[in-house]
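A.B. asks: Below: one structure in structure tokens.
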Amino acid sequence: MKIGIVGLGLIGGSMAKSIKQHTGHTVLGCDLSQTVMLKAKLLHAIDDELTDGALPDCQVVILALYPGDTLDWLRGHADQIAKDTLVVDCCGVKRAVCPEAAALAAGHGFTFIGGHPMAGLEKSGFGASIPSLFDGASMILTPPGDMDIRLMEKVKKLFLSFGFGRVVMSTPEEHDRIIAYTSQLAHVLSSAYIKSPSATRHMGFSAGSFKDMTRVARLNEGMWTELFLDNADFLVEEINILLQNLTDLRDAIATGNADALCALLRDGRQRKEKADEMGKGA
């Protein structure tokens, strides 16, 4: 099988390396950076360049671009994608991508499925990509409601063969609502937390908690700005909940209300325990 990958940054580069490590598929890749293209070839992350001429020969095309760039690429290349080709994006938001992408697919005869690999690092670019990034991770897919169940089973097996631990089916709205909490809010909180003047004086006073809280503050601000704004309604809702919870804790501490503070902390611990238990059954 020929698999085309558009964009060889952290996600696209890791996807290419993972496919080469786990399967015998031929991988064609393209990136705006010629330096990245050269490195990808030298490291055997790709077998060859994904050109416009080679695009019709790909049975699968994976788009590892920002949301806006994903749609721009599809608009410009929809005519060159074969009718039996499966196209999957890797964007961190789905409502901003899936409706137009699905319409382009329907109009040109190929199949589009929204996707989001649930893995990443605080670093970006091809240089940070690793073949083990997706090992055991979830791959979220948001297929159209009328997609053939047999095709979906093939797509599921395909991503499992790349090293993913499981494939989760969702809708664009459900995906964006949940990801606002599990991913985007964590990046917002980490970015806000590291801005304290105390952050410059942490040496010798910090351990695991500090590292956990600040790891994702080292983000790609261009990409996350686009993701945040594309999911602003759900993300603002989660930020408001966080602000209320912080206000409750602040007020209990400021007024010396030990009973209220203890109750709030107990509630947090119990919710964490419940979340862990639910996670074991997933």
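A.B. asks: When you scan region 178-211, how many residues do you find that are of a type in the set (S, T, N, Q), under 23 Å from ILE241 (Cβ atoms) and open to solvent by 90 Å² or more (accessible area, probe 1.4 Å)?
C.D. replies: Summing the residues that are of a type in the set (S, T, N, Q), under 23 Å from ILE241 (Cβ atoms) and open to solvent by 90 Å² or more (accessible area, probe 1.4 Å) in region 178-211 gives 1.
A.B. asks: Exactly one condition in (1) at pLDDT below 95; (2) among the polar types (S, T, N, Q); (3) over 19 Å from LEU121 (Cα atoms) is not met by SER161; state its number.
C.D. replies: Every listed condition holds for SER161 apart from (1).
A.B. asks: Taking the criterion of being part of a helix (DSSP H, G or I) and either modelled with pLDDT under 95 or in contact with a strand residue (DSSP E or B) (Cβ under 6 Å, 6 or more places away or on another chain) (or both), would at least one residue in region 170-192 satisfy it?
C.D. replies: Within region 170-192, one or more residues are part of a helix (DSSP H, G or I) and either modelled with pLDDT under 95 or in contact with a strand residue (DSSP E or B) (Cβ under 6 Å, 6 or more places away or on another chain) (or both).
A.B. asks: Further, regarding this structure: With respect to ILE140, determine if the residue is open to solvent by less than 60 Å² (accessible area, probe 1.4 Å), outside any helix (DSSP H, G or I), touching a His at 6+ places or on another chain (Cβ under 9 Å) and not aromatic (Phe, Trp, Tyr).
C.D. replies: Criteria met by ILE140.
A.B. asks: Tally the residues that are polar (S, T, N, Q) and touching a Pro at 6+ places or on another chain (Cβ under 9 Å), restricting the search to region 63-87. Outline the logic, then answer.
C.D. replies: Step one: of region 63-87, the residues polar (S, T, N, Q) are 70, 80, 85.
Cutting the leftovers down to touching a Pro at 6+ places or on another chain (Cβ under 9 Å) gives us 80, 85.
Of the residues in that region, 2 qualify.
A.B. asks: Considering each residue of region 71-112, count those that are under 15 Å from CYS58 (Cβ atoms) and under 15 Å from the mean Cα position of the chain (by Cα), and give that number. Write out each step before concluding.
C.D. replies: Going through region 71-112, the residues under 15 Å from CYS58 (Cβ atoms) turn out to be 73-74, 77-89, 105, 108-112.
Filter again for under 15 Å from the mean Cα position of the chain (by Cα), leaving 88-89.
Total satisfying the criteria: 2.
The values are calculated or read from the model by the stated rules, or taken from the named source; none is laboratory data. For clarity, every value in this text was computed on a predicted model and none was experimentally measured. Counting neighbours? That spans all protein chains shown, and the Cβs are built from the backbone with ideal geometry, glycine included. Ligands, DNA and RNA are excluded from the accessible area calculation, which covers all protein heavy atoms including side chains. Shrake-Rupley method; radii C 1.70, N 1.55, O 1.52, S 1.80 Å.
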